[in-house]
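The values are calculated or read from the model by the stated rules, or taken from the named source; none is laboratory data. Worth saying up front: this structure is predicted, and the values here are computed from it rather than measured. Backbone-built Cβ (ideal geometry, glycine too); neighbour counts: all protein chains shown. These area figures cover heavy atoms from the full protein model, side chains too; ligands, DNA and RNA do not enter into them. Shrake-Rupley method; radii C 1.70, N 1.55, O 1.52, S 1.80 Å.
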Amino acid sequence: MASHSLALSLFFFLFILLSSSISSSTAALVQQQPLVLKYHNGALLKGNITVDLVWYGRFTPTQRSVIVDFIRSLGYARSPPPSAASWWRTTEKYKGGSSNLVVGRQALHEAYTLGKSLKNSHLRALAGKFNAAPGSITVVLTAADVAVEGFCMRCGTHGSARPGSTFVWVGNSETQCPGQCAWPFHQPMYGPQTPPLVAPSGDVGADGMVINLATLLAGAVTNPFGSGYFQGPADAPLEAVSACTGIYGSGAYPGYPGQLLVDKATGASYNAHGLGGRKFLLPAMWDPETSACKTLV
């Protein structure tokens, strides 16, 4: 079945920079032009959605808590603004009402039973371990020392696993390709070498995973089976967040994530509050009401 990969925002922006030689102010104007994600009349994931987690490889307890707290924060309405929950509420504007994510089962695969070099078929096998119910999402997370087919050319993917359910895969890129998949918390591999931002949790790999997981969860609920909201070809779609790639705050332009909040104590850049005092950096999401990429700050 088809899957939808998270393309590299860095490559997209460098293409614009190098081929068009446009100024930052012009780039901002280009990004503000109306963007339309067409609804293709297919099913979306709405209502209460169980999110099961498969951890493949060794993650620290702190890394796992960052990811779990992020998912839980998407439904935690008591966080101060701007919040991860308010970011996620933009998905309610897509047809059908709200998509409420609930963390379900978790499985730890720390023995590397499939080895440290995985193919796409391995990801689907791991996603199938839970025999997920229709309307659920199984998230497969691979550790920093696990190579995955196509990793670094893509930062993650989502697709349909079994009838009515979907899966998401995100890898920890910290030691393999942080310049692609953990930007702006790491210097880009190519292009202007602007200083990296400080990661909110202090873990570049984990906070990079949050950005990519946010992108793919939004895509999974608004285009779960390839017939929801997207622009472009169905096998390489621009979706709710991937259509807004590289935009995190107001004034963003290619290579610059935009104006963000900064934690005075740690110097970390963020734009969303979560439960337990967590802070996250979340990408812009396309707003169906305004046909524009919406940022939290």
Filtering the stretch 213-241 for residues that are open to solvent by 10 Å² or more (accessible area, probe 1.4 Å), touching a Leu at 6+ places or on another chain (Cβ under 6 Å) and either among the aliphatic types (A, V, I, L, M) or within 27 Å of K279 (Cα to Cα) (or both) leaves a count of 1
Specify which of the listed residues (G219, G255, G274) is of a type outside the set (K, R) and over 23 Å from K46 (Cα atoms). G255
Qualifying residue in the stretch 167-184 (condition: under 20 Å from L44 (Cβ atoms) and touching a residue at least 40 places away in the same chain (Cβ under 8 Å)): yes
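When the residues of the stretch 242-256 are narrowed to those that are touching a Ser or Thr at 6+ places or on another chain (Cβ under 8 Å) and over 18 Å from L216 (Cβ atoms), which ends up surrounded by the fewest Cβ atoms within 10 Å (Cβ to Cβ)?
Taking the stretch 242-256 first, the residues touching a Ser or Thr at 6+ places or on another chain (Cβ under 8 Å) are 242, 245-250, 252-256.
Filter once more, keeping what is over 18 Å from L216 (Cβ atoms): 249-250, 252-256.
Working: G249: 19, S250: 14, A252: 24, Y253: 22, P254: 24, G255: 21, Y256: 19.
Residue satisfying both the conditions and the ranking: S250.
Can you report the number of residues in the stretch 244-289 which are among the hydroxyl-bearing types (S, T, Y) and modelled with pLDDT under 95? Break it down stepwise before answering.
Filtering the stretch 244-289 for residues among the hydroxyl-bearing types (S, T, Y) gives 245, 248, 250, 253, 256, 266, 269-270.
When the remaining residues are screened for being modelled with pLDDT under 95, the result is 245, 253, 256.
Residues meeting the conditions: 3.
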Any hit, the stretch 196-203, residues being open to solvent by 20 Å² or more (accessible area, probe 1.4 Å), part of a helix (DSSP H, G or I) and in contact (Cβ under 8 Å) with a residue 24 or more places away in the chain: no
Restricting to the stretch 264-297, count the residues that are of a type in the set (D, E) and open to solvent by less than 30 Å² (accessible area, probe 1.4 Å). 1
Residues being under 15 Å from P184 (Cβ atoms), among the hydrophobic types (A, V, I, L, M, F, W, C) and within 17 Å of the chain's Cα centre (by Cα) - total across the stretch 207-256: 6
Does G179 fit the bill of being in a loop (DSSP other than H, G, I, E, B), over 14 Å from the mean Cα position of the chain (by Cα) and more than 16 Å from P283 (Cβ to Cβ)? no
